[in-house]
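**Q** Below you'll find the structure I mean.
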Amino acid sequence: MAASSSSSSIASSGPSGVFSAATKSETLRLAGTECWACSTRMPDICQVVLNHDPQIPVWEQIGLFTFNFKTTHNSIPLCGACHTEFDMPLDPGYVFFPTDIQYFIDFESQDRSRRARIATETRIPMSSLSRQVPTNEEYKQHGIDKKMILPTAVGGRYSRVFLKQFLHNGEIPGIEKQYSSPKEWHGAPIASIRRAFAALGSPRFFLIVDPKIRNMLEELRRLYFSDHDLPPEQASLRVVYRPQAETSQKHQLEVSSNGESGPVKAKGEATGQTGIPESTELCGEYTEWVLGPGFTTNDVVRRYEPVFSSLDSYSPTE
Ligand SMILES: [Zn+2]
């Protein structure tokens, strides 16, 4: 939702109401008074990690989120259209993330080695040791050292990706290129990475983004959510599912080794004695029939006898 003016943007409530007037003003000072994504005037001040994001505890428990969500570490000016597409949970149309993903992969790899060494020396579980994640200042300094940005930059460089042609309602083909050059952002890099990981599940992201970049993001996700750092809830749920999957696979292997293949067939199925003429057996498509034209009265009685007998004293309501 775009505000009607910069001053009203600062005073606006709604999704950006989590920010104080001072934080909103500071965001406009750092990021500019136009939409950070498309340069439309009079943007709203938006959250990168939403305050109702249900994944916040997961990221906090493994030390990825360590910043204050109500500060400029989590704020970005976006116009109404970009804000809507950025916040679209199932099919985002806009996303941004650090340009130098390899820096985050290397940082995490080194931090894992550090924690593993301490765990060995102290016998403290690795999951109990605090993880270190690049801050906005560290990512910015990395860019300065690599001469990718000037010392006066407000933050590190970020890739800006339009996953839909929503600018000007898609009436100006190619306009996205103008707003896709890397740009500096002042906030916490991990906040944008949260959004990038969410976008990894989108076929649009899969089709549009360079596979090398996509693979690096997937590698970073694998490093961040490793076995060493399972939050309690995920550890508990994994015990439920992983052994079961192994048992299932083992059972299938045993069946195959006994010379059988596929699921066990129901009585009569192997010989085609289903009571239904072959012409009414539908393969590869759905049918709305419950009782096909081939059913006899005896077939129906046999089919529903267990149901009728269990419902003798039961009158279903509509
Ligand atoms: Zn915009």
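The values are calculated or read from the model by the stated rules, or taken from the named source; none is laboratory data. This is a predicted model, so every value here is computed, not measured. Ideal geometry is used to build each Cβ from the backbone, glycine not excepted, and the neighbour counts take in all protein chains shown. With ligands, DNA and RNA removed, areas are computed over all heavy atoms of the protein, side chains included. Shrake-Rupley method; radii C 1.70, N 1.55, O 1.52, S 1.80 Å.
**Q** Give me the percent of the accessible area of the stretch 114-212 that comes from carbon and sulfur atoms, probe 1.4 Å, all protein chains in place.
**A** Numbers: 2950 of 5580 Å².
The value for the stretch 114-212 is 53 percent carbon and sulfur by accessible area.
**Q** Can you pull the one-decimal nm distance between simple spin-label points at I172 and A22, each 7 Å off the Cα toward Cβ?
**A** 3.8 nm
**Q** Moving on to the next point. What residues from the stretch 133-173 fall in the zone where the backbone N is under 16 Å from a label point 7 Å along the Cα-to-C-beta line of I118?
**A** Within reach of a label on I118: 133-135.
**Q** Using the beta-carbon distance between E60 and Q110 and R0 = 35 Å, what value does 1/(1 + (r/R0)^6) give for FRET efficiency, to the nearest 0.05?
**A** Details: r = 22 Å, r/R0 = 0.63.
Working from the Cβ atoms, E equals 0.95.
**Q** Rounded to the nearest 10 Å², what accessible area does V300 show when all protein chains are kept and the probe is 1.4 Å?
**A** 40 Å²
**Q** Label points 7 Å out from Cα along the Cβ direction at N215 and N51: separation in nm?
**A** It is 4.2 nm.
**Q** Could you give the semi-axes, largest first, of the ellipsoid that matches the stretch 6-234, computed as the square roots of 5 times the alpha carbon gyration tensor eigenvalues and rounded to whole Å?
**A** So the three semi-axes of the stretch 6-234 are 30, 20, 18 Å.
**Q** K70 to D145: extension gain in nm, 0.36 nm per residue of separation minus the Cα-Cα distance?
**A** Full extension from K70 to D145 adds 24.1 nm.
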